[in-house]
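Taking it in order: structure first as structure tokens, then the write-up.
The values are calculated or read from the model by the stated rules, or taken from the named source; none is laboratory data. Not measured: the values here are computed from a predicted model. All Cβ positions, glycine included, derive from the backbone under ideal geometry; neighbour counts span all protein chains shown.
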Amino acid sequence: MGLSREVAMQARCDSWLTVVVAIAASNATIAVAQRPDAPNPENSPENVQRLLQAVAADDVFDGDAAVLIPDLMELVTRGDQRESDLAIRALGGIKSRAAQAVPVLCLKLDSSGHSTRSAAVDALVAIGDQSVAPLQELLRADSPRTRAAAVQALGRMDRMGLNDLERLAGDADPRVRAAVATALSRLGRLGVARLASLLRDPELGVAVEAARGLQSNRDDPDLAIPKLIEAISRKELAWAAATALADYGIDARRAVPAIIATYPLGRTDRFFGWCDAAEKALEHIGPPDERDLELLCTYLTHEDEEAQILAAKSLALMGTKGRSAASALEAAAQATFRRSLGVQREFESARYDYRDNSGRLFVAAEYLTAAVWHVTHDADRFVAFLERALIAAESPIDLSHPSPWDEFTADDVRSIERLLRSPNLDAQLTGLGAVDDMRALAEPLRSAVVDLARSADVSVSRQAIWSLAAIGPTAADEAAPIVLLKWREGVLSLSEFASVVSHLHYRSDETQALFEAGLNDRDRSTAKACARALCATSTQHERTAALVIAAARMETLDDRDAIEALRALIPAEESLIPYLVEQMRSDDFWTRHDAISAMGRFGRAAAPATSALQVNLNNEAAEIRLTTAKSLFQILGDASHLEQELKSAFDDEARDQVNAIETVAELGPAGNSFLHHLVAALRTPGRMFVEDLIDALQAIGTAEAVAVLEETATSKDWVLRSNATVALRKLRDADRRGED
Amino acid sequence: MFRISLCNASGIILLLTSAADIGDVGAEDVQVSATSAGSSWHWTPDEWVYTEEYEEIQGYAQRPDDDVLQSMTVEWQPPELDALGNFCTVRGRLSVPGNGAEGRRPVDWFQGVTVYMAKTPGSKPDWSAGMNQVDTLDDTTLVSTAGEFAAVIDVRKTQHDRTLPEPFQFGLALAQHTITSKSNQQVVWDSKAPAMAATVQMQTVPAAGRLSRELELINRASGWPFQHPNGVDLIRAVNALQRLGKERALATLEEYAEMTSGIGYFEEQEIVFWIVRTLFEPIRLDDRIPRPLIAVWLDDEELPPSARWPLNPMAVVDDVPFMLGHQVGMGGVPEPPAWQIEWARRHGVVRDAPLKPAMSPLLAAEVILGSHQFRQLDEYARDEATRSVRAQAYAMAAGLLPPITTERLDDTEEEIQWRNLVEESAVQEIRWDAGREEFVGKPR
């Protein structure tokens, strides 16, 4: 270190006011006063080592750490690197009482060790106000490491002046400029312009920090968004700019064309696996601006099929506002189906050639096709186009991106009959796929589907039978004879037959006898399907329960499968309670778990089983504790255990959070008592499991839950906004059906 | 076009293609395939045996009798080195006398072979009763229906002078085939298999291509720490790259990663992870270099922040680098080095100065092993790291310290040996010589 500037600090002092600071021209030396030699029984070397050990182990130190400050300062200065780092952390832990250590800690801001500098910054921030003056002096230190660390520390304490930030934004060292970006991110609107200019910093690391800064400091979107859009054109920075734009949500809609045009932008940071930042950003930004529609249409024929998919998805999000893109989408879809076929044929004889992307091209064409529906909402036009597309595709088309069929109204459904009645096998299968998605709404197509179920073509017949199952009980009478016939002909296995009958809720003496016999089938999956079918269709609950339990005891059926089937009889069939109590002691974890969960569904009727349940509150597995708490709440109305389990689950890892969200959702309206957990999770920055959270709010469905959904539907984040909007629509549809 | 697809037990599919003349079959492809159904490996310093079970062997000619096998000859092609000069690919074509007017015809039945290569240039090991691992290297392979084979041998294990073309003896031994059913065979490659006399020949291994100094240093460091524990090679590579600055250093690392992405290379790419951790630091003080998701592990996730290792699984003490992590088994695909390079480009700055160790490696090891943070690791991690860190420290100063025994020692003996070495390192005043970029001591 050059020594043209001198800083002398008296280390042992009770407050910063008594520290003598002498600052000369341009460099820094910090002379630490010698520690007094007066013996102190509390600051023996053993105590210092015990303190360091406590810091390393994150244990509580059972003494007065402040007494050891001089020893710690000595270690910071003269200890080996690992010991010094711990001593720095120990001083930070003493907080403002360690003010006398500020000069020593300031020296460590020039350490060559990144972790040492980082620890010193943490300690100076923890000491607080008394670090500020010396740190401000160090903003002019010769050492760039020291300057960067000082900016970092002062920035964290919100003690960086705008003038200093402006000056240091032009510092020669990139670490200083990066620290300035971080400090600007905490400065609100005042910091935005400078952050935007740092996006052009020649050092990528600084520009990335500027993008991050604009991601967290969103106080001036009108200024920041155009600059971030510009930054997308800088190849290595594009991912960071798009990630920042994602947090502006729908306000960043003008960024959509740039994001797609520049695809791929680069891997999302800190993510194991390939997820391009463009995909993530577009999810949060949502539909593009109408002014960009024409430009987006030019990307529909992009040579990279991933860019085609992004363009199709973006246009689809516009809904009928994107209607003028329909012809371009149709043309692009047909061309892409043909391109896919061409590539497939080119590589037919080279099975493992990595250049064969025909499958992904086909998916791109499916996205383009689905988008035709989303921008038109014209069922006749869409189905007519689909017929043409099927010829180009030479294969059934699977539309689930998202499925147009989900949005078909009862009036739209009839148009699909053209596909089902078409002589083209691919059209028939595509039409049956539509029926599967529309479920009960496809009831007007029942006759056409029944005709296909009679088909001599086994694949069509099987698919049509599953489609009848999807339509459900309203198709039962017409479907049952054909389903039985196909089972007898061997088109369906007993397991498939049982599953179809479950969905149709069809019951006859013949099917009951078949399923009762099937409980003892050697094939476990067949026995399971028969148990489910019996429980779903039986009118003699007690007899059915006894048969299923007997099959479980005979081990032709797993207990877990038995519990799953028997859930259909709960809460009506209380004779199941002793069996469930028994299974709560099962050696198998998931059997135990499912038995506890099923018990809760009985509500107060299961009160005698509470003591057997309560022992599971101390189980070491969080899943068991959570399920037990939920069942106790259902049985006794006691929310305390569930409240406690939910609190720890939401504080814990991702896996537990998903379980917690599902648990609240399973309670339906009763989950309202735990709504605050969902709201907190939804408002957490970087929130995860948005769809699960919204689904849970929908499942609760109370006025309070609806209010949360309504507020969420106004979010700038398209993921939140769109999911909440769909959930509200579903709730209103359900209300309407209830009124009808 | 012949295509040979070999599926091994773990589902990896290898495709070999050869442009063989298939005569009257015309344009129609002939599918040649064999599926591996499992393998076993037996090794001692004296011998090795590799056994593989093959199923669904299709498209090969019928296996001939022993007389035909004995008449096999090989037409060698000149050996080639890869761009880094580490692996020698040796190819050849096996043939047998043809029928009648036909001269020779390629070996077109399912046949395994072992390629032998002498370790010393010009030497002629006797392979009449198989190979000796002291003087010979090997690679096992299968012959295509065009009679062609290719073997890849790590010439870093030979005495090849990278700067010169040198003659090495090569030979070919046949694997033993047992036909277990119509389309299944067991193939046994065995170090005791004699090389066929007619195949033993001197071939010239070329000089390695010229590399930049930085690439050469990275290549030399590439076995650190698990193949060779001497961290001095790592220090030299880091220092050479440090002088290049960020962009050129990253471009060099990318070039190295690309050069080691081919067949034969595996753990060599890990050096990129260790160099990035030593050469770069996060541009932000509150950031950390992400832990590499590869089969090297130091478990500190459950430890309090102050006990964690910021360069996990490494540690650098006073500019002396050490690996604390140990190798583990893992499933799935390891993180590619490109991701660490990407991290460095996005979030890293090159260290301010070259590494200049400020203490002897043995004392640096003592700092780590005696630290409170080290004591927080679990017992297994501590045991593994203690052995490894001591070995690395010794390797960095081996020439300055007395030789250590290669015999297995119990814990007490190991401890005594280590204490003696630490004392000796103090006596020797071992220190870093920045000019020579090595540790030096008092003249003996």
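Tabulated data for the structure shown
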{"quantity": "Residue in the stretch A:114-131 that is among the β-branched types (V, I, T) and surrounded by fewer than 23 Cβ atoms within 10 Å (Cβ to Cβ) present", "calculated": "yes"}
{"quantity": "Those strands (runs of 3 or more DSSP E) lying entirely in the stretch B:287-386 with at least 2 residues at the interface with another protein chain (Cβ under 8 Å from one of its Cβ atoms) and more than 30 Å from B:D410 (Cβ to Cβ)", "calculated": "B:348-350"}
{"quantity": "Among the residues listed as A:A665, A:A703, the single one being farther than 28 Å from A:E573 by Cα, over 16 Å from the mean Cα position of the chain (by Cα) and free of Cβ contacts under 8 Å to residues at least 40 places away in the same chain", "calculated": "A:A703"}
{"quantity": "Any chance A:D289 is under 30 Å from B:P334 (Cα atoms) and either touching a Lys or Arg at 6+ places or on another chain (Cβ under 6 Å) or within 14 Å of chain B (Cβ to nearest Cβ) (or both)", "calculated": "no"}
{"quantity": "Residues (assigned to a loop (DSSP other than H, G, I, E, B) and without any contact (Cβ under 8 Å) to a residue 24 or more places away in the chain) located in the stretch B:160-184", "calculated": "B:K182"}
{"quantity": "Subset of the stretch B:204-251 [outside any helix (DSSP H, G or I) and within 22 Å of B:P313 (Cα to Cα)]", "calculated": "B:S222, B:G223, B:W224, B:P225, B:F226, B:Q227, B:H228, B:P229, B:N230, B:G231"}
{"quantity": "Qualifying residue in the stretch A:264-271 (condition: of a type in the set (S, T, Y) and touching a strand residue (DSSP E or B) at 6+ places or on another chain (Cβ under 9 Å))", "calculated": "yes"}
{"quantity": "Residue within the stretch B:371-390 that is modelled with pLDDT of 95 or more, under 20 Å from B:I275 (Cα atoms) and touching a helix residue (DSSP H, G or I) at 6+ places or on another chain (Cβ under 7 Å) present", "calculated": "yes"}
{"quantity": "In the stretch B:126-145, the residues that are assigned to a loop (DSSP other than H, G, I, E, B) and either of a type in the set (A, V, I, L, M) or surrounded by 19 or more Cβ atoms within 10 Å (Cβ to Cβ) (or both)", "calculated": "B:W127, B:A129, B:M131, B:V134, B:S144, B:T145"}
{"quantity": "Residues of the stretch B:282-322 classified as buried (at least 24 other Cβ atoms within 10 Å of the Cβ), within 16 Å of B:E342 (Cβ to Cβ) and at pLDDT 95 or above, total", "calculated": "1"}
{"quantity": "Sole residue being facing chain A (nearest Cβ under 9 Å), within 25 Å of B:L215 (Cβ to Cβ), of a type outside the set (K, R) and in contact (Cβ under 8 Å) with a residue 40 or more places away in the chain, chosen from B:E281, B:E267", "calculated": "B:E281"}
{"quantity": "Extreme residue, farthest from A:R567 (Cα to Cα), among residues of the stretch A:617-628 that are touching a Ser or Thr at 6+ places or on another chain (Cβ under 8 Å) and crowded, with 20+ Cβ neighbours inside 10 Å", "calculated": "A:L626"}
{"quantity": "Set A:D85, A:D173, A:D80: member being touching a residue at least 24 places away in the same chain (Cβ under 8 Å), within 28 Å of B:A315 (Cβ to Cβ), surrounded by fewer than 22 Cβ atoms within 10 Å (Cβ to Cβ) and within 14 Å of chain B (Cβ to nearest Cβ)", "calculated": "A:D173"}
{"quantity": "Subset of the stretch B:344-381 (residues that are surrounded by 19 or more Cβ atoms within 10 Å (Cβ to Cβ), over 26 Å from B:E301 (Cα atoms) and small (G, A, S))", "calculated": "B:S360"}
{"quantity": "Selection within the stretch A:126-145 - within 39 Å of the chain's Cα centre (by Cα) and not aliphatic (A, V, I, L, M)", "calculated": "A:G128, A:R145"}
{"quantity": "Single residue of A:L632, A:L576, A:L636, A:L613 found to be touching a helix residue (DSSP H, G or I) at 6+ places or on another chain (Cβ under 9 Å) and either surrounded by fewer than 22 Cβ atoms within 10 Å (Cβ to Cβ) or β-branched (V, I, T) (or both)", "calculated": "A:L636"}
{"quantity": "Qualifying positions in the stretch A:111-137 - within 14 Å of chain B (Cβ to nearest Cβ) and either in contact with a His (Cβ under 6 Å, 6 or more places away or on another chain) or of a type in the set (A, V, I, L, M, F, W, C) (or both)", "calculated": "A:A119, A:A120, A:V121, A:A123, A:L124, A:V125, A:A126, A:L135"}
{"quantity": "Selection count, the stretch A:714-740, where residues are of a type in the set (A, V, I, L, M, F, W, C) and surrounded by 19 or more Cβ atoms within 10 Å (Cβ to Cβ)", "calculated": "5"}
{"quantity": "Qualifying residue in the stretch B:408-421 (condition: in contact (Cβ under 8 Å) with a residue 60 or more places away in the chain and out of contact with any Ser or Thr (no Cβ under 7 Å at 6 or more places or on another chain))", "calculated": "no"}
{"quantity": "Among the candidates A:A326, A:A307, residue that is over 30 Å from the mean Cα position of the chain (by Cα) and more than 14 Å from chain B (Cβ to nearest Cβ)", "calculated": "A:A326"}
{"quantity": "Scope the stretch A:138-150; condition among the basic types (K, R) and either within 13 Å of another protein chain (Cβ to nearest Cβ) or touching a Gly at 6+ places or on another chain (Cβ under 9 Å) (or both); matching residues", "calculated": "A:R145, A:R147"}
{"quantity": "The stretch B:387-405, subset among the β-branched types (V, I, T) and not in a helix (DSSP H, G or I), residue farthest from the other protein chains (Cβ to nearest Cβ)", "calculated": "B:T405"}
{"quantity": "Any strands (runs of 3 or more DSSP E) falling wholly within the stretch B:25-89 and containing at least 1 residues that are within 28 Å of the chain's Cα centre (by Cα) and of a type in the set (S, T, N, Q)", "calculated": "B:30-43, B:48-58"}
{"quantity": "Close pairs (9 angstrom Cβ cut-off, 6 or more residues apart or separate chains): on the phi > 0 side of the Ramachandran plot in the stretch B:37-62, aliphatic (A, V, I, L, M) anywhere", "calculated": "B:G38/B:A9; B:E56/B:A34; B:E56/B:A37; B:G59/B:I4; B:G59/B:V30; B:G59/B:V32; B:G59/B:A34"}
{"quantity": "Meets criteria (in a strand (DSSP E or B) and surrounded by fewer than 16 Cβ atoms within 10 Å (Cβ to Cβ)) for B:R93", "calculated": "no"}
{"quantity": "Flag if A:D201 is surrounded by 19 or more Cβ atoms within 10 Å (Cβ to Cβ), within 14 Å of another protein chain (Cβ to nearest Cβ) and either of a type in the set (D, E) or at positive phi (or both)", "calculated": "yes"}
{"quantity": "Filter result for A:T591 (of a type in the set (V, I, T), surrounded by 15 or more Cβ atoms within 10 Å (Cβ to Cβ) and either more than 16 Å from A:K528 (Cβ to Cβ) or more than 29 Å from the chain's Cα centre (by Cα) (or both))", "calculated": "no"}
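Listed here are the residues, each with its yes/no results for (1) charged (D, E, K, R); (2) exposed (fewer than 15 other Cβ atoms within 10 Å of the Cβ).
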residue	(1), (2)
B:E342	yes, no
B:Y394	no, no
B:A397	no, no
B:P403	no, yes
B:D410	yes, yes
B:W418	no, no
